[in-house]
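Provided herewith is a single structure, encoded as structure tokens, for subsequent inquiry.
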Amino acid sequence: MIKIDNSVQVSTEIMAGFTTFLTMAYIIFVNPQILSNAGMNKVALLSVTCIVTGIITILTGLFIDAPIAMAPGMGLNAYFAYTLVLNKGISWETALGMVFVSGLLFFFLTLIGIREKIVDAIPKELLNAIAVGIGIFIAFIGLQNMKLIVGNPVTLVTAGKIETPTLISLITLFLIVILYIKRVKGALLIGIVFATIVSAIFGYVKLPRNIVSFDINIKPVFLKLNIKDALKLSLFAPIFSLMFIDMFDSIGSLLALGKEANMIDKDGKMKKIAPLLTMDAVATMFGALMGTSTTTTYIESAAGIESGGRTGLTSVVTGLLFLFSLIFVPVLSIVPSIATAPALVMVGFLMMKNVKNIDFKNLEIGFPSFVIMIMIGLSYSISTGLAFGFLSYTFIMIFRGKIKNINLTMWIIAALSVLFLIL
């Protein structure tokens, strides 16, 4: 439960909650935009995104007393829509079933403590490379949605023409960058709102009939998951990938946030890590039932923590604001892809900061890190990048005569990577 003592100011916690909300509110627009490409109902997804984020974040605050928000994960939603549904031809209902199964596996691994062992087995540089690779992937999707990068039969991709929609996106991107430089809270949200208004002026979006609506309809995606088809043996590899990606994303984020929120003990271990990991797994299963891709810990929670958030009250405020956003779905549903695309590019840029933690002078770790980053971006598949990266690391260590440095868990990960590539 939330503990408020003399060292905690309620007003500071409330303001921190608002700050976290403003920093990550872009997910309300971006998540539906990405998942709608998989054939899912965009309006229903707007509501589901608000509900899942709001409820899970509130529960995190109430029961774990941590200033950490959870929402459908960027990168994971891209993997869901572009890799599983559009690339592999899996129905979005079955993909939701796969998300649920991955969350269930995630839950059991957390309960028996294997999750931490898996992460400890992988060099920290590779974990940073995963974040960078996903950042490149997300930015690439954003550039495509801006029509700044288009297909080409000879070179595969090329620069697109600078037409009005692309120009609106470019101006919005530079606006977001300037706002970040000036440390304006909610820069992504401001950029999205700006681009939407300009798009409306130029006739690229239709104005809604109502500003608010209490008619919340999530039936098009609610409980539509197909768990039976998700349990096919041929889908084991992508289910493993979903769990794998969520695992690294959430633990990396939690460790980073824990340092900022003074949640690290004298031994360097994060307090409340077990319940937070459990909540992360429960969030994924709950999200799949509601109708969205994998839900995970949000690094944007750092904005609220930097503003003074130290207790679960910060998360409760953030969650309530997401639930309050539900009545504004008519307005939120008009946001076009040219408005959310610059936010994707900026999120990709922000994830690139992890590259500073990789020692490229040491080829034993530098080259596998490079493989992960470049393969995630160019293969348009996060799991493919992970598989090639982990295998290259294992092979290099073998040929360097450092087999003893590869523990049992890493051997298992390498074997699973081979299995994934074969399947």
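Would you be able to tell me the number of residues in the stretch 186-213 that are within 26 Å of the chain's Cα centre (by Cα), modelled with pLDDT of 80 or more and of a type outside the set (A, V, I, L, M)?
Here the count works out to 3.
What's the number of the condition Ile28 fails, among (1) outside any loop (DSSP other than H, G, I, E, B); (2) modelled with pLDDT of 85 or more; (3) surrounded by fewer than 24 Cβ atoms within 10 Å (Cβ to Cβ)?
(3)
In the stretch 314-342, how many residues are in contact with an Asp or Glu (Cβ under 8 Å, 6 or more places away or on another chain) and surrounded by fewer than 24 Cβ atoms within 10 Å (Cβ to Cβ)?
Of the stretch 314-342, the ones in contact with an Asp or Glu (Cβ under 8 Å, 6 or more places away or on another chain) are 314, 317.
Okay, now just the ones that are also surrounded by fewer than 24 Cβ atoms within 10 Å (Cβ to Cβ), so none.
Number of matching residues: 0.
Conditions (1) surrounded by fewer than 18 Cβ atoms within 10 Å (Cβ to Cβ); (2) of a type outside the set (A, V, I, L, M, F, W, C); (3) farther than 21 Å from Phe63 by Cβ, marked per residue:
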| residue | (1), (2), (3) |
| --- | --- |
| Leu235 | no, no, yes |
| Ser241 | no, yes, yes |
| Ser253 | no, yes, no |
| Pro275 | yes, yes, no |
| Phe286 | no, no, no |
| Ser301 | no, yes, no |
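Test Ile141 against the stated conditions and say whether it is surrounded by 20 or more Cβ atoms within 10 Å (Cβ to Cβ), within 17 Å of Tyr380 (Cα to Cα) and at pLDDT below 80.
Values: surrounded by 20 or more Cβ atoms within 10 Å (Cβ to Cβ): yes; within 17 Å of Tyr380 (Cα to Cα): yes; at pLDDT below 80: no.
When the stated conditions are applied, Ile141 does not pass them.
Regarding Ser369, is this residue in contact with a Leu (Cβ under 9 Å, 6 or more places away or on another chain) and over 25 Å from Thr394 (Cα atoms)? Break it down into steps so the answer makes sense when it comes.
Values: in contact with a Leu (Cβ under 9 Å, 6 or more places away or on another chain): yes; over 25 Å from Thr394 (Cα atoms): no.
It is false that Ser369 is in contact with a Leu (Cβ under 9 Å, 6 or more places away or on another chain) and over 25 Å from Thr394 (Cα atoms).
Follow-up. Among Phe100, Phe80, Phe21, which is within 19 Å of the chain's Cα centre (by Cα), at pLDDT below 90 and part of a helix (DSSP H, G or I)? Don't jump to the end; show me each part of the working.
Numbers: Phe100 fails: at pLDDT below 90; Phe80 fails: at pLDDT below 90.
The unique qualifying residue is Phe21.
The values are calculated or read from the model by the stated rules, or taken from the named source; none is laboratory data. Values in this document were obtained by computation on a predicted structure and should not be read as measured data. As a convention, Cβ positions derive from the backbone with ideal geometry for all residues, glycine included, and neighbour counts pool all protein chains shown.
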